[in-house]
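Have a look at the structure below, then the notes.
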Amino acid sequence: ILEHNPYAQVFKSLGVVPNLDEYRISLNTDIKLDQRRYNAPTTSQVAAIWVEGSDPQKTFDRSVIGLVDTVIAGESRGDRIGKRIVLPRTFPGGDRDMQRRFLDAMAIVQRWGKPDYFVTMTCNPYWEEITIELLPGQLPQDRPDLVARVYRAKQRSMMDLLIKGKHFGEVAAYVHLTEFQKRGLPHEHILLIMKAKSKLRTPDDYDRVISAEIPDKNKYPVLH
């Protein structure tokens, strides 16, 4: 498109124009098409125009011509108009990174089947490992770094128990996600895909690992 589109070629050439005062964008509002002018857009305003960069080493760098912002700022030089940087997939939490992780998770399900267990884990800000490290007068919310590090250690122990310790049986594949809730506490979602011999098949299998009852006061006083 960039090679054969005359409009794109004109816009790319504006970056080296010393003075843009001699140029103007003309929008054709006539019903008849005139290829020498730009046809009217479908919206009431033109916010920006993207032009792909020609440098193969910077494929995802795009020159952005922000018409409204440029006019307001009084800028008249095309080579001084900013650029839009698209974050690479190696940037944690970026759009492309999250898309890659989503596709990986879908590939795991396609290969090993749907998950058998959905396990959640929530941080307790009053864990002993947190409270003993607080200074006098401090609350857990005053030390988010401490809360996050203790949670991370417990989360790794939890994963070792499920995966290496085979608490529910042999795990074929797993996916987990760490979230930070509105009050700042980390929260874990874990999906386990079990091997064939460790899958839940009967009601007794479910009752063996899932309980919706209040623990017996005499037998489990702490849990009660």
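Every condition in (1) surrounded by 13 or more Cβ atoms within 10 Å (Cβ to Cβ); (2) more than 27 Å from Tyr206 (Cα to Cα) holds for Gly137 except the one numbered (1). Entry remark, region 140-151: residues being under 26 Å from the mean Cα position of the chain (by Cα), part of a helix (DSSP H, G or I) and surrounded by 12 or more Cβ atoms within 10 Å (Cβ to Cβ) number 7 in total.
When region 188-224 is examined, which residues are found to be hydroxyl-bearing (Ser, Thr, Tyr) and surrounded by 10 or more Cβ atoms within 10 Å (Cβ to Cβ)? Steps first, answer last, please.
Looking only at region 188-224, we keep the residues that are hydroxyl-bearing (Ser, Thr, Tyr), and these are 198, 202, 206, 211, 220.
Hits for region 188-224 are Ser198, Tyr206, Tyr220.
Pairing each residue of region 200-213 that is without any contact (Cβ under 8 Å) to a residue 12 or more places away in the chain with any residue that is open to solvent by less than 100 Å² (accessible area, probe 1.4 Å) and of a type outside the set (D, E, K, R), provided the two are 6+ apart or on different chains, yields C-beta distances under 9 Å for Tyr206/Leu200; Arg208/Leu200; Ile210/Leu200.
For region 161-182, the tally of residues that are without any contact (Cβ under 8 Å) to a residue 40 or more places away in the chain and either of a type in the set (D, E, K, R) or farther than 25 Å from Arg149 by Cα (or both) stands at 7.
When you look at Phe118, is it under 22 Å from the mean Cα position of the chain (by Cα), at pLDDT 90 or above and either hydrophobic (A, V, I, L, M, F, W, C) or not in a loop (DSSP other than H, G, I, E, B) (or both), yes or no?
On the way: under 22 Å from the mean Cα position of the chain (by Cα): yes; at pLDDT 90 or above: yes; either hydrophobic (A, V, I, L, M, F, W, C) or not in a loop (DSSP other than H, G, I, E, B) (or both): yes.
Spelling it out, Phe118 is indeed under 22 Å from the mean Cα position of the chain (by Cα), at pLDDT 90 or above and either hydrophobic (A, V, I, L, M, F, W, C) or not in a loop (DSSP other than H, G, I, E, B) (or both).
Of the residues making up region 152-187, not one is surrounded by 12 or more Cβ atoms within 10 Å (Cβ to Cβ), touching a His at 6+ places or on another chain (Cβ under 6 Å) and of a type in the set (D, E, K, R).
The values are calculated or read from the model by the stated rules, or taken from the named source; none is laboratory data. Remember, predicted model here, so these are calculated numbers, not experimental data. We place every Cβ from the backbone using ideal geometry, glycine too, and count neighbours over all the protein chains shown. Accessible surface is based on the protein model in full, side chains and every heavy atom, while ligands, DNA and RNA are left aside. Shrake-Rupley method; radii C 1.70, N 1.55, O 1.52, S 1.80 Å.
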